[in-house]
1. Keeping all protein chains in position, work out how much accessible area Tyr66 exposes to a 1.4 Å probe, and write it in Å² to the nearest 10.
2. Averaging sequence separations of C-alpha pairs under 8 Å and six or more residues apart, then dividing by the length of the chain, give the relative contact order as a whole percent.
3. For region 1-127, what % of the accessible area comes from carbon and sulfur atoms, probe 1.4 Å?
4. In degrees from 0 to 90, rounded to the nearest 10, what is the angle of the helix 89-104 Cα long axis to the longest principal axis of the chain?
5. Would you mind checking the pairs Lys56/Lys128; Lys55/Lys118; Lys73/Lys118; Lys6/Lys96; Lys6/Lys118 and listing those with alpha carbons more than 27 angstrom apart?
6. Once both axes come from the Cα atoms, what is the angle between helix 110-127 and the longest principal axis of the chain, in degrees from 0 to 90, rounded to 10?
7. Test of understanding: in a Gaussian network model of the chain with alpha carbons linked when under 10 Å, which of Ala60, Ala116, Ala97 would top the mean-square fluctuation ranking?
8. Collect residues whose amide H, placed 1.01 Å from N in the peptide plane, falls under 5 Å from the amide H of Ile46; neighbours closer than 5 in sequence don't count.
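The values are calculated or read from the model by the stated rules, or taken from the named source; none is laboratory data. Here the structure is a predicted model, which is why all the values come from computation and not from measurement. Because the Cβ atoms are built from the backbone with ideal geometry, glycine has one as well, and the counts that use them run over all protein chains shown. Heavy atoms of the whole protein, side chains included, go into the accessibility calculation; ligands, DNA and RNA do not. Shrake-Rupley method; radii C 1.70, N 1.55, O 1.52, S 1.80 Å.
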Amino acid sequence: MQFYLKIVSPDRLFYDGYVDSIVVKGTEGDFAVLPNMSPFVTKVAIGKLKITVDKKDKYAAISGGYIDIRNNKVTMVANACEWPEEIDSERAEKAKARALKRIENKEGDILRAEIALKRAINRLSISK
């Protein structure tokens, strides 16, 4: 049995189709979404998204958002979502280095630097 998944980000429709399951990182940790789940809405954290279709796993980097689950239809609104082949590893490495430098030197908004660091590390882990 499958359910319908739609993932949108500010710049595109990232995914639109039927899936067996997904695993995503919420604010309380990773959770799986399966067919016939009870309805709920929650935040999605920066992390790895695993989509299983016909017993094949696909991975993506997601940079936060929220997920709405109801009646075998899942809608995810993501701040950003990328497939591994779309990730510019060199750019992510530079972003990681900038964020680390700002954190180490206590320059500017440290919270924003920590978030940028998490995004860069996540993107790099998915791209490999």
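1. 100 Å²
2. Details: 269 pairs, mean separation 28.4, N = 128.
Answer for the chain is 22 percent.
3. Working: 3770 of 7570 Å².
That fraction is 50 percent.
4. 60 degrees
5. Working: Lys56/Lys128 18 Å; Lys55/Lys118 29 Å; Lys73/Lys118 29 Å; Lys6/Lys96 30 Å; Lys6/Lys118 25 Å.
Check vs 27 Å cut-off fails for Lys55/Lys118; Lys73/Lys118; Lys6/Lys96.
6. For 110-127 against the chain, the angle is about 60 degrees.
7. Ala97
8. Hits under the 5 Å cutoff: Gly64.
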